[in-house]
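A.B. asks: Mind having a look at this structure? Questions to follow.
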Amino acid sequence: MSNINNINFIGRMSSAMSSTVLSRIPNMTIANKKVLNAINTVGAKFSSPENRLILGASALMTQPFIDASNKKVDEETRKVSVARTVAKIIAGTFTGYFVRAGCIKLIDYMTKLPNEVVNPKTFGGKLKTLFTPDAAKSGILKDLTKYKNALGTILALGVMLVTNFLIDAPLTKYLTNKFVDYIHKNDAKREEKA
Amino acid sequence: MSMSSLFNSFKNYMVKYYGSDHGKMLVHTGVIGWVLSAAAQVVAIATNDKISGKQKLYLIPQELADAAVNIASFYLVTQSFKALSNKLVNCGKLLNKPVREFLQANNIKNVGKHTFDVLRDGNLNPETLEKFKSFRSGVDFIGTTVGSILSCNIITPIIRNEIATHKQKKNLARMEKYNVQIRDNETKNTVPYLPKPTMQTFQAKAYGTSLKI
């Protein structure tokens, strides 16, 4: 009983807190057409592949520097850590983007509305509506963009179960070793000059 | 039974849970993706001959901590960003111009209040409703992505490095202790080496004690 009271108390507290925070934020209206178009485009067209690209690009701008500033480990470990982080971001973003985008394309091909299929009774026609939900066939759901993106991302997860081991990790290993070799060569050159 | 009907329950589930919620799908797939990725990366580190044992003691915990912290911070930070951005739009604090003008023109009250819900209380017409949904979806994606950048690319690397450093130090100390123990045992168990055993030395060794008696 006391647990339920505690949960209710926490719920009331969090509701009160969010209400207080919200009351302090002024009402905002976005009127700029360019900004509005950008937000609408992002909402309508961007999905997990783009999310992966944005995360990858921003990761390259932050993670290597955070690794390089970890002075609690020795210099050699730090260098390997930076090399591996950069390699992992490149490999992960590359495979992540293409696997997700490819899966969404595949789903797009197999999730057509009935009126988009020329020969619905042939094998090719049936394939094109294989993932079309009933709600779309009966006309209730008219925009399948988000459904397709979600389905494509789920399929990408299954594909990535394989590619993580067959492409991602070996590519990260290969790139890490290349970067470490490059760092060592640079260090040797610097020592020679000194 | 047609090919398409085989997936009916799966398709209906997808429409119900992810059909209109972009951000939720990104959160769920992100979490599973990290676990899979971490497993593959740990195998890659462990089998990389060019990385020394000492470095592996740092990189493997770093990878494991990366996945664990990522999941935690994704749920805490990214979900908070997603919830906040959704709440701002749903209660009418943050709106696009056409929807704001519609609400003002129809004299809708309490817009922007904690309890207000644009979809429930706004009485939007179909055209404005479409504009609202499109705007909400965009803000949701932006909120989720900003939250992801903060959690995955700033908070997680800082915390995972701290954890990995601590683990490496602990494991190195444990290894050193183990090595010292082995060295000690080797010294204790050393048997004097006889370079050239002869019958005399053998007899002295075997009967030395009894002869004394």
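A.B. asks: Any chance you could list the semi-axes, whole Å, largest first, of the equivalent ellipsoid that the Cα gyration tensor gives for region A:112-194, using √(5λ)?
C.D. replies: Over the Cα atoms of region A:112-194, the ellipsoid semi-axes are 52, 13, 11 Å.
A.B. asks: Under a GNM of chain A (C-alpha, springs under 10 Å), which listed residue has the highest mean-square fluctuation: A:S69, A:S19, A:S81?
C.D. replies: Of A:S69, A:S19, A:S81, the Gaussian network model singles out A:S19 as fluctuating most.
A.B. asks: Now for a separate question. Over the Cα atoms of chain A, what radius of gyration and what Dmax do you get, in Å?
C.D. replies: Spelled out, the Cα radius of gyration and Dmax of chain A are 25.0, 77 Å.
A.B. asks: For region A:32-193, what's the relative contact order in percent, using C-alpha pairs closer than 8 Å and at least 6 residues apart?
C.D. replies: 29
A.B. asks: How about region A:58-149: which trypsin sites (Lys or Arg not before Pro) there are in a DSSP loop, with at most 10 other Cβ atoms within 10 Å of their Cβ?
C.D. replies: A:K71, A:K121, A:K142
A.B. asks: Rounded to the nearest 500 deg cm²/dmol, what is the calculated helix-only ellipticity per residue at 222 nm for chain A, with -39500 (n - 2.57) per DSSP H run of length n ≥ 4?
C.D. replies: Computed ellipticity for chain A at 222 nm equals -25500 deg cm²/dmol.
A.B. asks: Follow-up question, since we're still on this one. Of A:T85, A:T172, A:L141, which is farthest on the positive side of the dipole of region A:32-193, counting Cα position, with +1 on Lys and Arg Cβ, -1 on Asp and Glu Cβ, and the Cα centre as origin?
C.D. replies: So the residue we want is A:L141.
A.B. asks: Classify the protein assembly as shown: rounded, prolate or oblate, from the alpha-carbon gyration tensor (a ≥ b ≥ c, eigenvalue square roots; a/c under 1.5 rounded; otherwise prolate if a/b is larger than b/c)?
C.D. replies: Cα axes put the protein assembly as shown in the prolate bin.
A.B. asks: In debye, nearest 20: dipole of region A:32-193 around its Cα centre with unit charges on the Cβ of K, R (+) and D, E (-)?
C.D. replies: I would put it at about 480 debye.
A.B. asks: How high is the FRET efficiency between B:K205 and B:N185 when r is their beta carbon distance and R₀ equals 22 Å, given to the nearest 0.05?
C.D. replies: 0.40
A.B. asks: While we're here: Which cross-chain or sequence-distant (5 or more) residues have an amide H under 5 Å from the amide H of A:I30, H modelled 1.01 Å from N in plane?
C.D. replies: Under 5 Å from the amide H of A:I30: B:L95, B:N96, B:K97.
A.B. asks: Cross-link list A:K34/A:K146; A:K173/B:K170; A:K71/B:K177; A:K45/B:K56; A:K112/B:K133: which exceed 30 angstrom alpha carbon to alpha carbon?
C.D. replies: Those over the limit are A:K45/B:K56.
A.B. asks: Just checking the output field for A:118-129: average partner chain Cβ neighbours within 10 Å of each residue's Cβ?
C.D. replies: Per-residue shielding by partner chains comes out at 1.
A.B. asks: Here is a follow-up. Could the peptides A:26-34, B:125-133 be put in order, highest first, of the mean number of other beta-carbon atoms found within 10 Å of their residues?
C.D. replies: Final packing ranking: B:125-133, A:26-34.
A.B. asks: Just add up the charged neighbours of A:A91: K/R +1, D/E -1, any other residue whose Cβ is under 13 Å from the Cβ of A:A91.
C.D. replies: Net charge in that neighbourhood comes out at +4.
A.B. asks: Please work out the FRET efficiency for the pair A:K45 and A:R190, using the Cβ-Cβ distance as r and a Förster radius of 45 Å; give the result to the nearest 0.05.
C.D. replies: According to the calculation, E is roughly 0.45.
A.B. asks: Fully extended, how many nm does the chain gain between A:V35 and A:T145 (0.36 nm per residue separation, minus their Cα-Cα distance)?
C.D. replies: Extra length available between A:V35 and A:T145 comes to 37.4 nm.
A.B. asks: Over all directions, average the projected area of the Cα convex hull of region A:146-194 and note it in nm².
C.D. replies: With every direction weighted equally, the projected area is 4.8 nm².
Laboratory data are not the source of any read-out in this text; all were calculated from the coordinates shown. Everything quoted here is computed from the prediction, not taken from an experiment. Every residue, glycine as well, gets a Cβ built from its backbone with ideal geometry; the counts of neighbours run over all protein chains shown.
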